[in-house]
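Down below is the structure, laid out as structure tokens.
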Amino acid sequence: MWSETELEGSDVYGYLHKRFNGPNVIRRSGHRYRVGSPGEFYSDFDLLLNDPYNCRYVTAAYAQEIEEISKEYAIDLLGFVEKSDGGSVGAVRLAGALSIYTGIPNITVRLGRELEFEQVKTSRLEGEFAGKPQKAWLSGALVVVITDNTSSGGEAEKAVKAVEYNGGRVKDIITYTLREWKPPATERFEKRTPPIKLHTIWNLPEDIPERRRVEIGISQRT
Amino acid sequence: MEEPESILASLQRVSSEKFGDTGDFLDHFRSFVVDMNLRVLSSTLDERIIGVLYLIKKLTNDVWTNLFTDASFDAPVESKTLRVFSEDMARFVNLSIQGDPESDAKALQMLFKAIMSYYQCLSELVAEAEQLQVDKEV
């Protein structure tokens, strides 16, 4: 754990970049992607957030991205992605903190739910509609999708579709880490109509210091 | 920890009951398996019973999450399709624990039927939500 005193004078990105040098954040892994290619390593967002100071700085980094987007339009909702396999809660753990920090309401996008209209969790209409199966009635709300890690962008795109199915719109996605991918996930979203901008705080593996890559035994970049 | 004989007897009893309404199967089986530690039980129960308990646990948890505890709508307890699901799941369990090849073949058939009923039930709910959207917009 880092004490608050140690953080004084640190800038958000400088502090967070140090965390990539710390243990248990970037970890070697034997997992494979859906397409079959080896993952080799992964960024453990859950372990990063166990530390309150990491939480604060991660929240601040997302908030800076949100602030930039807010200069272009008024964001109605922050949509935190709970991933399909249920194994990773992704950015959901940050939802309350980031909502308080920005003053923007938050919703959860639950990709593991079987029913499309249940993938966006909000309060439903009451009165004559109470208790009935119904869409989330986002009524054109502008939602910024927030996730922890993006590789191909497939999961983030599912989140966008879930928001759209429930009547919302997405112009921006923020991911904490973006993995190198062919074609890059950014292109996938640029090609959408209308295009979506994918914001990233860290690019992997390029933002992992070489010394750390040697320590955990992952490939060197050519 | 429950004895293997007790678990088998409970499975036989619960899967033989007549289910008057949809929620019964889920209530009975979920409360039966939800807190079971199958890893611990795997040292005393045979592979057939562990397999059946695992499938009940995963399936009922999935149905529960999607249709009951974490759903934004009232659980579809009146749904005929969900009732078919429940009955077929009970038959699957009842046949599975008998342990002869003929029952195994029938059990697998019941499991497939039950899962199909579950998805049919979900599709009915999506159709209902879509219709409500149309009605609202009109």
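The values are calculated or read from the model by the stated rules, or taken from the named source; none is laboratory data. Keep in mind it's a predicted model, so treat the numbers as computed, not measured. All Cβ positions, even for glycine, are placed from backbone atoms using ideal geometry, and neighbour counts span all protein chains on display. Ligands, DNA and RNA are stripped out before the accessible areas are found, and what is left, the full protein with its side chains, is counted by its heavy atoms. Shrake-Rupley method; radii C 1.70, N 1.55, O 1.52, S 1.80 Å.
Worth a mention:
- Scanning the range A:188-210 for residues being outside any loop (DSSP other than H, G, I, E, B), modelled with pLDDT under 95 and acidic (Asp, Glu) gives a total of 1.
- Scanning the range B:44-59 for residues that are surrounded by 14 or more Cβ atoms within 10 Å (Cβ to Cβ) and assigned to a loop (DSSP other than H, G, I, E, B) returns a single hit, B:LEU45.
- When restricted to residues that are in a loop (DSSP other than H, G, I, E, B) and acidic (Asp, Glu), the range B:60-92 contains 3.
- Where strands (runs of 3 or more DSSP E) fall wholly inside the range A:21-123, the ranges with 3 or more residues that are at pLDDT below 85 and not hydroxyl-bearing (Ser, Thr, Tyr) are A:26-28.
- Selection within the range A:153-173 - open to solvent by 10 Å² or more (accessible area, probe 1.4 Å), more than 22 Å from B:ASP70 (Cα to Cα) and in a helix (DSSP H, G or I): A:GLY154, A:GLU157
- Unique residue being among the small types (Gly, Ala, Ser), in contact with a Lys or Arg (Cβ under 8 Å, 6 or more places away or on another chain) and under 23 Å from A:LEU16 (Cα atoms) when the list is A:GLY217, A:GLY140, A:GLY112, A:GLY167: A:GLY217
- Residue satisfying condition, being within 30 Å of A:THR122 (Cα to Cα) and more than 14 Å from every other protein chain (Cβ to nearest Cβ), within set B:ARG30, B:ARG91, B:ARG39, B:ARG48: B:ARG30
- Test for A:TYR176: is it open to solvent by 10 Å² or more (accessible area, probe 1.4 Å) and either more than 8 Å from chain B (Cβ to nearest Cβ) or within 24 Å of B:ASN66 (Cα to Cα) (or both): no
- Among the residues of this structure, A:SER37 counts as one that is more than 22 Å from A:ILE146 (Cβ to Cβ) and either of a type in the set (S, T, N, Q) or open to solvent by 20 Å² or more (accessible area, probe 1.4 Å) (or both).
- Taken over the range B:95-138, the residue count meeting the criterion of being part of a helix (DSSP H, G or I), of a type in the set (A, V, I, L, M) and farther than 30 Å from B:ARG48 by Cα is 6.
- Tallying residues that are among the small types (Gly, Ala, Ser) and surrounded by 15 or more Cβ atoms within 10 Å (Cβ to Cβ) within the range B:104-138 yields 4.
- Considering residues of the range A:89-133 that are open to solvent by less than 60 Å² (accessible area, probe 1.4 Å) and among the charged types (D, E, K, R) only, the residue farthest from the chain's Cα centre (by Cα): A:ARG124
- Taking the range A:134-152 as the range and being open to solvent by less than 10 Å² (accessible area, probe 1.4 Å), under 17 Å from A:ILE196 (Cα atoms) and over 11 Å from the mean Cα position of the chain (by Cα) as the test, only A:VAL143 passes.
- Enumeration of residues in the range B:66-75 that are buried (at least 17 other Cβ atoms within 10 Å of the Cβ) and more than 8 Å from every other protein chain (Cβ to nearest Cβ): B:LEU67, B:PHE68, B:ALA75
- Some residue of the range A:162-169 being among the charged types (D, E, K, R) and either away from chain B (no Cβ under 14 Å) or touching a residue at least 40 places away in the same chain (Cβ under 8 Å) (or both): yes
- Contact map, the range A:124-152: residues that are more than 14 Å from every other protein chain (Cβ to nearest Cβ) paired with residues that are crowded, with 21+ Cβ neighbours inside 10 Å and of a type in the set (D, E, K, R), Cβ distance under 6 Å, separation 6+ or inter-chain. Pairs shown: A:VAL144/A:ASP172; A:SER151/A:ARG179.
- Selection within the range A:69-86 - surrounded by fewer than 17 Cβ atoms within 10 Å (Cβ to Cβ) and either more than 20 Å from A:ASN149 (Cβ to Cβ) or not charged (D, E, K, R) (or both): A:SER70, A:LYS71, A:GLU72, A:TYR73, A:ALA74, A:SER84, A:GLY86
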